[in-house]
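All remarks here apply to the structure that follows.
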C-alpha cells in the first residue's frame, strides 16, 4: 500500500512540475520569438523587395536583387566591412592586453584594489552619449584639453576625430577607455581564482617572471579570457553610440562601420529593402566570426564550465 | 565645464581656477523640456524593469533549477540572441510601429528596451538562482505548497538582492540606450541621451548647459553605482559570461 500512495504523490508532483515549467517559461519564450524570429522573417521579406520608404507606390518584389547589388556592386559595403574589422581588431587587441596587464598589477597589490575596482565600473555604466560628448570636447582642436597638453610639450596637436587619417584611431581610444575595465574586472576575477601552488613551485625552481606569466598564468587564465574576448568581439562588431556621436561615420566614411552603414541606409536614405538585406548579411557575419572564434578557441557556446 | 561661465569655458589655455556658477544647471532645469526628457527616461526605465522582471524571473528560475527536455536548446537560444545586431530588430519594428501609428510614444521605446534586455536579464538572474541551495524548495514542496506558491513565497525573497541588482542593470541599459530611442522618439517621447545627442549635433554648441545636462544624465548612474557596486560588478561582468 505504501509504495502505491508514494507513486501517486510522485505523479501529481510530476504533473505539477510540468505545469510549472510550461507556465513559467511561456511568457519568456513567446517574447523571445517576438524579439528574434519575427523580425528576422520580416527582414527576409523586405530584403527581397525594392522598398523605398518615401515612395508612395510602396514596395515591389525584386528577388535577390538587393543582395546582388550589395555584394557585387557596392564598394561602400566592403569598405564598411573593412572598417568594422579594423575597429574590432583594434579595440580587442588593446583592451585585452591592457586589461590583462592592469589585472595582473592589481592582483598582487591589495590595498587599493577595491577602490580601483569600484572606480572602474564608471566607464562601463556611464551614459555613452555623455561619455562620447566629453571626449568630443577633449578632442576638439581649439577647445580640447588633449591638444593643449601636447602643446605644453611642444607637440602640435591633431584634429583627432576630424582628421580622416586618425579618426578611426580616436574612436577606438574612446572604446578602449570604456571597455578595458570590463576585460580587467573579468581577468582580475580569473587571477584571484588561480591556485597558488604552481606559482610557488615555479618560484622555487627559479623561473623568470616572464616565463611564469607565459607558461603558467596565461594557460590558467585562458578559459576566462577567451569567454570575455568572445563577448567583447560580438559587442564591438555592433558598436553604435560612440561612433554615432563622435563622427557619425565621418569624416567622409572613414569611421563608417557596417552597423552604422546599415542604420544610415535604412533611416537616412530610407532604403528599407537594402537595409534589411544588409542587416541579414551583418547577422551572418557576426555568426560566422563567432563560430570561427569558438572553433579556434575550443569553447562551447552556452556550455557551462 | 558645467560650472564655468561662457567666457571661462571657451578660454584657451583652459582655466582650472574659475568662479563656479550654477547658472548652467538652473538654465537646464528651467528649460521645461529637459525635465520632461528626464521624466520620459525614468518612466521608460521603470516600465522596462517591470516587464523584464515579470517575464524573466520565472523563466530564469526554471532554467536554473529544473531539469527538462530541450533546456539546453533554450539556453543556447537565449545566449545567441546576443549575436543579433540591434539594427536588424530596429528596422522591422520601426515599420510595425509606423503601421500601428505608435512612433514617438514611450510605449514603443519600452517595447524595444524589453527586447534588448530580456535575454541578458534572464542570463544574469540564472546566476543568482543557482546560488540557492536545492533543499529549500524541495522542503517547501513537500509541505504541500503548490510550485508557484513556493516560488513566490519562499524562493523570491531569497534572491531579492540579486533581483534588485538585475533591475538596476536593466534600468541603466535603458537609461543609456541611444540607437532605438533616437530612431523611435520624436519630441513627445525624447529621452535624455537623445536630447544630449541633439544638443551635440546642433551647429553652435553652448558648452556650459550641455555639460550640465551631461552631468545630470550621469547622476542616476553614480547613485546606483555607489549603492550596489558589488552585485553590479558581478552582473556586468561574470553574470554576463556564464554560470
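Here are a few things to note about the model shown:
- One residue alone among A:85, A:98, A:71 is modelled with pLDDT of 90 or more, surrounded by fewer than 18 Cβ atoms within 10 Å (Cβ to Cβ), away from chain B (no Cβ under 14 Å) and under 21 Å from residue A:181 (Cβ atoms), and that residue is A:98.
- In this structure, residue A:187 qualifies as under 18 Å from the mean Cα position of the chain (by Cα) and in the same structural domain as residue A:118 (by TED's automatic domain parsing).
- Residue A:172 more than 20 Å from the chain's Cα centre (by Cα) and in a helix (DSSP H, G or I): no
- Filter pass, residue A:145 being surrounded by fewer than 20 Cβ atoms within 10 Å (Cβ to Cβ), assigned by TED's automatic domain parsing to the domain that holds residue A:100, more than 17 Å from residue A:98 (Cβ to Cβ) and out of contact with any strand residue (DSSP E or B) (no Cβ under 9 Å at 6 or more places or on another chain): yes
Residue-wise test of (1) in contact with a helix residue (DSSP H, G or I) (Cβ under 6 Å, 6 or more places away or on another chain); (2) modelled with pLDDT of 85 or more; (3) within 7 Å of another protein chain (Cβ to nearest Cβ).
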site: B:182; (1), (2), (3): yes, yes, no
site: B:188; (1), (2), (3): no, yes, no
site: B:214; (1), (2), (3): yes, no, yes
site: B:217; (1), (2), (3): yes, yes, yes
site: B:221; (1), (2), (3): yes, yes, yes
site: B:227; (1), (2), (3): no, no, no
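- Unique match (being closer than 18 Å to residue B:178 by Cβ and either in a helix (DSSP H, G or I) or within 11 Å of another protein chain (Cβ to nearest Cβ) (or both)) among B:61, B:38: B:38
- Lone qualifier among B:171, B:224 - being crowded, with 21+ Cβ neighbours inside 10 Å, out of contact with any strand residue (DSSP E or B) (no Cβ under 6 Å at 6 or more places or on another chain) and touching a residue at least 40 places away in the same chain (Cβ under 8 Å): B:171
- Residue match in region B:194-202 (condition: closer than 27 Å to residue B:229 by Cα, within 10 Å of chain A (Cβ to nearest Cβ) and either at pLDDT 85 or above or surrounded by fewer than 16 Cβ atoms within 10 Å (Cβ to Cβ) (or both)): yes
- Tally of residues being closer than 19 Å to residue A:62 by Cβ and part of a loop (DSSP other than H, G, I, E, B) across region A:252-291: 2
- If the condition is being within 12 Å of another protein chain (Cβ to nearest Cβ) and surrounded by 15 or more Cβ atoms within 10 Å (Cβ to Cβ), then region A:148-160 contributes A:148, A:157.
- Within region A:41-122, helices (runs of 4 or more DSSP H) holding 3 or more residues that are touching a helix residue (DSSP H, G or I) at 6+ places or on another chain (Cβ under 9 Å) and touching a residue at least 12 places away in the same chain (Cβ under 8 Å): A:65-73, A:75-108
- Residue A:252 vs. criteria touching a residue at least 40 places away in the same chain (Cβ under 8 Å), more than 23 Å from the chain's Cα centre (by Cα) and away from chain B (no Cβ under 14 Å): yes
- So residue B:69, is it more than 9 Å from chain A (Cβ to nearest Cβ), part of a helix (DSSP H, G or I) and farther than 15 Å from residue B:171 by Cα: no
The values are calculated or read from the model by the stated rules, or taken from the named source; none is laboratory data. All values reported here derive from a predicted model rather than from experimental measurement. For neighbour counting, all protein chains shown are included, and Cβ atoms are generated from backbone atoms with ideal geometry for every residue, glycine included.
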